[in-house]
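The values are calculated or read from the model by the stated rules, or taken from the named source; none is laboratory data. Note that the structure is predicted; figures quoted are calculated from it, not measured. Cβ placement follows ideal geometry from the backbone for every residue including glycine, while neighbour counts extend to all protein chains displayed.
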């Protein structure tokens, strides 16, 4: 057991209110490809050409042609041990909020209830013309064919995810800030902390005196300021970190 792991486990045991920030790295063990690693999605395609609001408006069919390739792994994915461990930590009364950049809904599937989705989700869609909101499920047949589903008014339905060129939902951002201001420990899991404004959120917790623990395969800009850093597989490291606290609660 490394000194960094011991330190992280001690901090988690002592914490009364934990906030969690997660990124694509927590869902990678569930079979969902990440975006920013050397082999990630953005290494193969320019996001501004397929995943920006401008690109969607210009060519919604092109957007769905790209998205259809991601849907299979995303819809087939199940929560992995890291998701389940964080849900168990919340059930034990220690987590004030999970702030995620992911759109896959795996935190909720694992049992987490206080989940703040910074980049939206794939559960619903909104017509770009009339604003009608519908669940995504009835639209999947069209989406799987790589075609934009259309509203009765003729407008294209856009999934309720935040694309490039779009602002984050202000209500969700406010809730995330509140969770960060109230926590005494911030657990950063599976995120490179490269995308603004999510990359700046840990500074909110630090400003209010929270300790910071980072678990991520790659280095982040925040490593040198964190109280403990584990460059490890989140699917094994997070359950191992949480286990002593859960044993104490029981």
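Screening the candidates 155, 190 for the property of being modelled with pLDDT of 95 or more and under 23 Å from residue 95 (Cβ atoms) yields one hit, 190.
Elements of the type helices (runs of 4 or more DSSP H) sitting completely within region 47-138 and holding at least 3 residues that are under 18 Å from the mean Cα position of the chain (by Cα) and modelled with pLDDT under 95: these cover 60-76. Scan region 139-152 for residues that are within 30 Å of residue 191 (Cα to Cα) and modelled with pLDDT of 95 or more and jot them down. Those that are within 30 Å of residue 191 (Cα to Cα) and modelled with pLDDT of 95 or more: none in region 139-152.
Of everything listed in (1) in contact with a helix residue (DSSP H, G or I) (Cβ under 8 Å, 6 or more places away or on another chain); (2) at pLDDT below 75, the single unmet condition for residue 42 is (1). Say whether the condition of being free of Cβ contacts under 8 Å to residues at least 40 places away in the same chain, loosely packed, with under 14 Cβ neighbours inside 10 Å, in the same structural domain as residue 67 (by TED's automatic domain parsing) and at positive phi is met by at least one residue in region 150-160. Among the residues of region 150-160, at least one is free of Cβ contacts under 8 Å to residues at least 40 places away in the same chain, loosely packed, with under 14 Cβ neighbours inside 10 Å, in the same structural domain as residue 67 (by TED's automatic domain parsing) and at positive phi, which makes the answer yes. Listed by first and then second residue, the pairs with beta-carbon distance under 8 Å, at least 6 apart or on different chains, first residue in region 132-143 and surrounded by 11 or more Cβ atoms within 10 Å (Cβ to Cβ), second in a helix (DSSP H, G or I), are 136/143; 140/71; 142/64; 143/64; 143/67; 143/68; 143/71.
Restricting attention to region 139-164, and to residues there that are in contact with a strand residue (DSSP E or B) (Cβ under 9 Å, 6 or more places away or on another chain) and assigned to a helix (DSSP H, G or I), which single residue is nearest to residue 60 (Cα to Cα)? Filtering region 139-164 for residues that are in contact with a strand residue (DSSP E or B) (Cβ under 9 Å, 6 or more places away or on another chain) and assigned to a helix (DSSP H, G or I), the one nearest to residue 60 (Cα to Cα) comes out as 143.
Please verify whether residue 210 is without any contact (Cβ under 8 Å) to a residue 60 or more places away in the chain and on the phi < 0 side of the Ramachandran plot, treating the condition exactly as stated. Break it down into steps so the answer makes sense when it comes.
On the way: without any contact (Cβ under 8 Å) to a residue 60 or more places away in the chain: no; on the phi < 0 side of the Ramachandran plot: yes.
The answer is no for residue 210.
Residues checked against (1) buried (at least 17 other Cβ atoms within 10 Å of the Cβ); (2) at pLDDT 95 or above; (3) under 18 Å from the mean Cα position of the chain (by Cα):
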| site | (1), (2), (3) |
| --- | --- |
| 198 | yes, no, yes |
| 202 | yes, yes, yes |
| 207 | no, yes, no |
| 216 | yes, yes, yes |
| 228 | yes, yes, no |
| 245 | yes, no, no |
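With respect to the conditions (1) under 30 Å from residue 236 (Cβ atoms); (2) assigned by TED's automatic domain parsing to the domain that holds residue 156, residue 87 falls short on a single one, namely (2).
Restricting the search to region 25-39, which residues are exposed (fewer than 14 other Cβ atoms within 10 Å of the Cβ) and modelled with pLDDT of 85 or more?
31
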